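Take a look at the structure set out below.
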Amino acid sequence: MLLKVVSRFLGLTEGGWHSKLVELFDKDNNQTMKKSTSYLIILTLLLVSAQPLFANYAFYRTVMNTCKAYRVDVKESQMTFTTQDGNEDLIFKMNLSSLRNNFDMVMLVGFISAGQAIKHQKKLAAKMERSGQSFEAEIPMQVEITVIVPMSNENMIVMAYADTNLVIQLAEGTINSGGFMRQIKDSIQTL
């Protein structure tokens, strides 16, 4: 796959690799060497900068699919993984928008979708471990959901956070939504 991308980027055909390599390493052709070096630098920068985009793809995709099932719109740009100051623990943050009367349901869907994604990451890590491959699962220690609620002139912002174990319990159904909300009531803030 990467070879095809590089071939298209350099404008090579299937049989053009050998002749292009000979041309690149021809010491008499200094101009071609400079051009190919700049191509390699640009390609390397593109690959390095694109790596973070794929790092959380499975987690984000699971969140988006779960939200879609509940008819809650979310984009990948509304989700982030961060760390607290002085701490290496991951925090998953997601911003959602709601209507005026359903912000609590949207918040619950956010927590459920994060729980589903965490469960998916754990299953994926276990499956890769059984097959002998290494896989570092994206498992946050805390989930923070922010819901933007439209009001007359300004938006109201409701934010809450929960521990990962509690979010997984909500996603699995071992705790109901009322019990979950009672557990996180002290973390809910209205801005």
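The values are calculated or read from the model by the stated rules, or taken from the named source; none is laboratory data. Just so we're clear, the structure is a prediction, and the values are computed from it rather than from any experiment. Areas reflect the complete protein model, heavy atoms only, side chains present, ligands, DNA and RNA absent. Shrake-Rupley method; radii C 1.70, N 1.55, O 1.52, S 1.80 Å.
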Accessible area, 1.4 Å probe, largest first: how do Glu88, Glu154 sort?
-> Glu88, Glu154
Roughly speaking, what % of Cα-Cα pairs in the stretch 55-186 are separated by over 20 Å, rounded to a whole number?
-> 45 percent
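Under the classification rounded if a/c is under 1.5, otherwise prolate if a/b is larger than b/c and oblate if not, where does the stretch 82-155 fall, given a ≥ b ≥ c as square roots of the Cα gyration tensor eigenvalues?
oblate
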Quick shape check on the stretch 115-191: root eigenvalues a ≥ b ≥ c of the Cα gyration tensor, a/c under 1.5 is rounded, otherwise prolate if a/b tops b/c, else oblate, and it reads prolate
